[in-house]
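The values are calculated or read from the model by the stated rules, or taken from the named source; none is laboratory data. Predicted, not measured: the structure shown is a model, and the values here were computed from it. No Cβ is skipped: glycine too gets one built from the backbone with ideal geometry, and neighbour counts run over all protein chains shown.
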Amino acid sequence: MKMSRDDFLQWENKAITLLGMSGVGKTTLANQLPKSSWFHYSADYRIGTKYLAEPIVDNIKKQAMRVDFLRELLLHDSIYLCSNITVHNLEPISAFLGKIGNPQLGGLSAEEFKERQRLHREAEIGAMKDVKAFIAKAHEIYGYAHFINDTGGSVCELNDEDVLKVLAENTLIIYLRADKDIERKLITRQKQNPKPLYFQEDFLDERLSEYLRAKGLRSTDEIIPNEFVQWIFPKLMAHRRPLYQAIADKHGYTVEARDAEQVHDEASFLELLATTLQAAQGNRRASAEA
């Protein structure tokens, strides 16, 4: 969605989509907005509570069945297992997605890992296609004036035109672009606490081959899961950077993540976006006149 500064400020029921790497500040930015008037749509929460709810619980049960004491209780329906996913606690999703590598170190086989990746992709596509309906629900049922779509870091890798159409037609797309310093901080954070990641399958296959050659390993079962995640993360950022930018250039706008860090309330958030739209409009005008 493209619009002028004035159109944006006069937009009665604003709907914003935030793009960017996980950890760049999307959720922090969304949390600066008044909870009374902004509906915070967390894509990861939607993924975990609707589209991956059953696979997540099945994975938990699978682990529990390995413990004799829990196995007997489960088989006799004496206990009930569920995941406790919240907007601020998405660990069950990460645990399901997992890491590729040595099973004795908690890793998944290449086949199992890729299957979970495919399920996550389908879930994220579903969550993004739900945005239009949730914009209507937020306003018509719950009475929120505005809507903010806090996407997952992998939304740029879905390669689904219908998703882009839904987001572009119903929301103002804002890409939070990380500078080199922020990217270094994200890399450091991932090294200290390696978290599961989503990859496009072609990208994953190429990087796996590269890693196995570099480490002299014969198969993915020899990979130390955390070490592979730490190794691939900077490459993933470089891979995603132009994908985010292409979406922003065609369908939305780019805001420097460093500038977004200065937002502490609704007024400064709206002014940041309005200024971004005004600058983009000026640039388009200058290009047309050149």
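See the values below:
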| quantity | calculated |
| --- | --- |
| Some residue of segment 177-185 being touching a residue at least 60 places away in the same chain (Cβ under 8 Å), buried (at least 19 other Cβ atoms within 10 Å of the Cβ), outside any loop (DSSP other than H, G, I, E, B) and under 15 Å from the mean Cα position of the chain (by Cα) | yes |
| Top-ranked residue of segment 134-164 - restricted to ones that are in a strand (DSSP E or B) and under 15 Å from the mean Cα position of the chain (by Cα), ranked as surrounded by the most Cβ atoms within 10 Å (Cβ to Cβ) | ASN149 |
| Within segment 80-125, considering residues that are of a type in the set (Phe, Trp, Tyr) and surrounded by 13 or more Cβ atoms within 10 Å (Cβ to Cβ), the one modelled with the highest pLDDT | PHE113 |
| Exclusive hit being under 25 Å from PHE233 (Cβ atoms) and more than 25 Å from the chain's Cα centre (by Cα), set PRO92, PRO103 | PRO103 |
| Helices (runs of 4 or more DSSP H) wholly inside segment 186-277 containing at least 3 residues that are of a type in the set (A, V, I, L, M, F, W, C) | 201-215, 225-251 |
| Qualifying residue in segment 223-239 (condition: out of contact with any His (no Cβ under 9 Å at 6 or more places or on another chain), farther than 24 Å from GLY25 by Cα and either surrounded by fewer than 15 Cβ atoms within 10 Å (Cβ to Cβ) or of a type in the set (A, V, I, L, M) (or both)) | yes |
| LEU167 part of a helix (DSSP H, G or I), crowded, with 18+ Cβ neighbours inside 10 Å and touching a strand residue (DSSP E or B) at 6+ places or on another chain (Cβ under 9 Å) | yes |
| Candidates LEU236, LEU204, LEU212, LEU208, filtered to the one that is under 19 Å from SER94 (Cα atoms), out of contact with any Leu (no Cβ under 9 Å at 6 or more places or on another chain) and of a type in the set (A, V, I, L, M) | LEU204 |
| Subset of segment 27-60 (residues that are out of contact with any helix residue (DSSP H, G or I) (no Cβ under 8 Å at 6 or more places or on another chain) and closer than 16 Å to ILE93 by Cβ) | THR27, TYR45, THR49, ALA53, GLU54, VAL57, ASP58 |
